[in-house]
Amino acid sequence: MAFRWILGVVAALLAAGGGLRAQGTLPDERPADFKVASGSWDHVRREVMIPMRDGVKLKTIILVPKGARDAPILLTRTPYNAAEQTGHAASPRLGAVLQGYDNVADLIVEGGYIRVIQDIRGKYGSEGGYVMNRPLRGPLNPSAVDHSTDTWDTLDWLVKHVPESNGRVGILGISYDGFLPLMALADPHPALKAAVPMNPMVDGWRGDDWFHHGAFRAQNLSYIYEQQATRANEAKWWTGFHDDYDLFLKAGSTGTLAASRGMEQLGFWRKITEHPAYDAFWREQAMDKILAGRAGKGPLKVPTLLVHSLYDAEDIYGALAVWRALKPKDTGGDRLFLAMGPWSHGGEIGEGSSLGPLRFGQDTALQFRREILKPFLDQHLKGAAKADLPPVSAFETGTNTWKRLPAWPLAGEGSAVRATPFYLGAGLTVSTAAPMAGGAPFEEYVSDPAKPVPFRARPIQAVGYDAAHTWPQWLTDDQREASGRTDVLAFVSEPLKEPLRIAGEPVANLVASTSGTDSDWVVKVIDVYPDEVSAQPAMGGYQLMVSADIFRGRYRESVETPRALKPGEPLVYRFALPAANHVFLPGHRVMVQVQSTWFPLYERNPQTFVPNIFFARPGDYRKATQRIYHAPGQASFVELPVVP
């Protein structure tokens, strides 16, 4: 009965002309191909899909200043969304479109450069599959394409299809975007006339991004998750905690936390967990080794300006490693240059008059762009006069002055840098005097994985780059909180009577023992300010890190093959810290802090030897008594590269 009633209603509606068949669809009000009315713009925007040799097409955005003729091209290849980087502001002016996101907007507009930004394969608007830091063709990449071939094919297309161009291309970028110019140098296209790798990812195990001396950077989980889960970074990491310290501690091992986020689906995460040691997987994609070896035979062909940040929280290793690798290839002494500034990761593109509590008295980033970067690019891309650049332009912290240096490190500058031991002594002292017999032979502390040392004051923010996050400045944080803990040893010198200038890599030389079978060692070189600083009262007694790093004990004998430590046996741990160019001023003191956790920046070492720390079980995490020796024959010290 009910069914017949419904049929009757439908029939009545149809008969009345308001039935289902009479219903239409409203036409789409959007045009099939909308044309932007860009007549008032000061530039022309083109979006193209450039074909690579394997048929994959890469989304490329080309911004040409109106009226440009014989203009050079500045190219950036990126996994971070070319459309967003070239659409920062709703403005007809190129400077506004780029400013705030593009790394050299002021230089581009003033110099009349054609700006090109391209999504790398597998990300955002580009086709193809994504591989994190896709290796060069070879054992790690059996395909016919890599970032070197993609750059070659892109340049070849650009010089043939951008009529406003003079056929000369420069490639530049920061971080991942800085790694990609290094790939271009492996087999450079003839049109490539300048390269500027800024803060580049170079060796992910030695000291960039993923590991430092074998200790995994746990807070990078969120980056790996978002970067690999989807083409357009649409899957967002979540925490559920206000304090990252709580998130990582309660999760247990890093592998357990990753599994709770489904990260076993991500190819790069699986590779990381399968290669915790420095095996061929890491060695054969380290760009300094590649450029020094098989892919960089012969002299350096492309003029290159390497840019290094002294307070780089992500890639503090890479630029200087590439400098060392390429310097012997600069046979004429006019192809390779280095700029070092007091910046965070990528800070050279912003406002550089301060970082955290530090005040430099000048906009160091603007100075770099105007006085170093612009002359370099203008010379090689526009045929301008030869830039008046020294081999090394280095900002010296402490005195806050730029230095024009003939080399890095400073061997040959008047008198060579002297590797000077600063010994850790009884009573938590630091001095240049070697330890004498008598007195306690060591200092000790208990390292408890259940209460790891925070790497900065809690609550610890997740990694972030907007105005609400202070992650980029944590290397300038006050270290007083750490020095007051019982699980941190803080050795300190007497106040200095004369300036102490260092230029180069400090080297830690610890003689240490642990009651466990594995251990991490963190060493920090710190500038302790006087108790009162009249010009800036908040800096009174400030403990500023000048250089610091971590070393995973299982790799003491071999970075390829981890080995358990013998409990209670004093062993030598020798490892380099990041480079510094700093002056300890009179009245300041030199401090060296030693600890065994730096959390949650680095995952906890269970302090029990296990095959793979990523998958350590709760019972593996145990307290350990750590001893730092300072006796004759067992002297612990930090070698500082002192400039006489």
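Key figures for this structure:
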item	result
Extreme residue, positive dipole direction of the chain, given options Met539, Thr25, Gly352 (C-beta unit charges)	Thr25
Reach of Lys250 by Cα under 16 Å, taken over lysines that are not fewer than 8 positions away in the same chain	Lys451
Sequence-separation-based contact order of the chain, relative, with Cα cut under 8 Å and 6+ spacing, percent	13
Label-point separation in nm, Glu371 to Ala419, each point 7 Å along Cα→Cβ	3.3
Relative contact order (%) - region 418-642, alpha-carbon pairs under 8 angstrom, separation at least six	37
Computed lengthening from Asp388 to Arg53, 0.36 nm per intervening residue step minus Cα-Cα distance	116.6 nm
Three-way shape label, region 509-552, alpha-carbon gyration tensor, a/c 1.5	prolate
Cα gyration tensor category, rounded, prolate or oblate, for region 221-275 with a/c compared to 1.5	oblate
DSSP-defined beta bridges in the chain - what % are antiparallel, rounded to 5	75
R0 of 35 Å, Cβ-Cβ distance Ala538-His275: FRET efficiency to nearest 0.05	0.20
Nearest-20 debye value, region 418-642 charge dipole, Cβ charges on Lys, Arg, Asp, Glu	440
Net charge dipole size for region 478-562 [Lys, Arg +1 and Asp, Glu -1 on Cβ; Debye, nearest 20]	100
Helical contribution to [θ] at 222 nm, DSSP H n ≥ 4, -39,500 (n - 2.57), averaged over the chain, rounded to 500	-5000 deg cm²/dmol
Net length gained if the chain between Thr230 and Asp246 were fully extended (0.36 nm per residue, minus Cα distance)	3.0 nm
Percent RCO, i.e. relative contact order, over region 221-275, from Cα pairs under 8 Å lying at least 6 residues apart	32
Centroid-to-centroid separation of region 379-407 and region 485-530 [C-alpha atoms, Å]	32
Long pairs among Lys123/Lys297; Lys66/Lys382; Lys59/Lys160; Lys123/Lys236, criterion Cα-Cα beyond 22 Å	Lys123/Lys297
Dipole in debye (nearest 20) - the chain, about Cα centre, beta carbon charges: Lys, Arg +1; Asp, Glu -1	1200
Cα lying deepest toward the dipole's positive end in the chain, options Pro454, Gly167, Pro641, charges on Cβ	Gly167
Under 14 Å from Lys193, Cα to Cα: aspartates and glutamates that are on another chain or at least 8 residues apart	Asp156, Asp334, Asp378
Leading residue at positive end of dipole, the chain (Cβ point charges), from Ile526, Thr625, Asn141	Asn141
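Coordinate-derived values only; no laboratory data. These numbers come from a predicted model, not from an experiment. Methodologically, a virtual Cβ is constructed for each residue, glycine included, from the backbone with ideal geometry; neighbour enumeration extends over all protein chains shown.
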